[in-house]
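Structure record follows, encoded as C-alpha cells.
The values are calculated or read from the model by the stated rules, or taken from the named source; none is laboratory data. This one's a predicted model, so the numbers in the text were calculated from it and none came from an experiment. Cβ sites come from the backbone with ideal geometry, for glycine too, and all protein chains shown count toward neighbours. Just the protein is used for accessible areas: all its heavy atoms, side chains included, with ligands, DNA and RNA removed. Shrake-Rupley method; radii C 1.70, N 1.55, O 1.52, S 1.80 Å.
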Amino acid sequence: MSFGAAQMKRGVPVVSGNCAEAVWGSAPLAGCSQVVRAVFSEDGVSGQFAIFNMADSAAAGLLVKAFEKGAFLKVMPGQPAVDGGSAQVRALGHFVVVSWVAPVGDERPDLTEPLLALDSVSQFVQGRLLAAE
C-alpha cells in the first residue's frame, strides 16, 4: 500500500475465529465471528490492519467505542515491539476496521503518510458494502 512517499509492505494475513486474541483491554466481542489481521512495514515503521466481522452494525459501533476508550490491538507474532503510534478505527456496516502504525526503534518518523497508506486497505470493505446495497 502506498500514500505519498510511504510504501507499506504487507506480511502474511492471519484469519482467526478468536477475536479476543487480537485485542488488548476490555472490548465487547460477543458476536464477533472472525478477525483478519496483517502486519505492514516500511523503514522505521511497523503497522497492523485488522478487520473484525461483527454480528451487526450496533455491535460494530460498540467495539469502536471500546477502542476509543482504551482497547487496542495486540502486537502480532513476528511484528517488532512497538510503543504508542497512531491509529484510526471506524465501523463500516457490521465490520470494524483498525489501522495502526508505530515507530520501530528510537527514531520518531512522521506517521501521517504510513497511516494513510495502511488505512487505504479499508477501501475494499467500503466497495463490498456499496456493492451489497
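For region 33-78, the fraction of 1.4 Å probe accessible surface lying on carbon and sulfur atoms is 54 percent.
Once both labels are positioned 7 Å from their Cα atoms along Cα-to-Cβ, the gap between Glu68 and Leu92 label points is 1.9 nm.
Springs between Cα atoms under 10 Å define the GNM used for the chain, and in it the highest mean-square fluctuation of Val35, Val15, Val89 occurs at Val15. Note on Arg10 and Thr112: the model spin-label points, each 7 Å out from Cα along the C-beta direction, lie 2.6 nm apart.
Springs between Cα atoms under 10 Å define the GNM used for the chain, and in it the highest mean-square fluctuation of Gln123, Gln48, Gln34 occurs at Gln123.
Evaluated at q = 0.11, 0.12, 0.17, 0.20 Å⁻¹, the base-10 log of the normalised Debye intensity for the chain, with identical point scatterers placed on the Cα atoms, takes the values -0.36, -0.43, -0.86, -1.17.
Per residue, the chain exposes 53 Å² of accessible surface when a 1.4 Å probe is rolled over the protein heavy atoms with every protein chain present. With θ taken as phi - 60° and the Karplus curve 6.51 cos²θ - 1.76 cosθ + 1.60 applied, the whole-hertz 3J(HN,Hα) list for region 9-16 is 9, 7, x, 6, x, 10, 10, 9 Hz, x standing for glycine and proline.
To the nearest ten degrees, helix 57-68 and the longest principal axis of the Cα atoms of the chain are 40 degrees apart. The charge dipole of the chain, taken about its Cα centre with unit charges on the Cβ of Lys, Arg, Asp and Glu (plus for the first two, minus for the last two), comes to roughly 360 debye.
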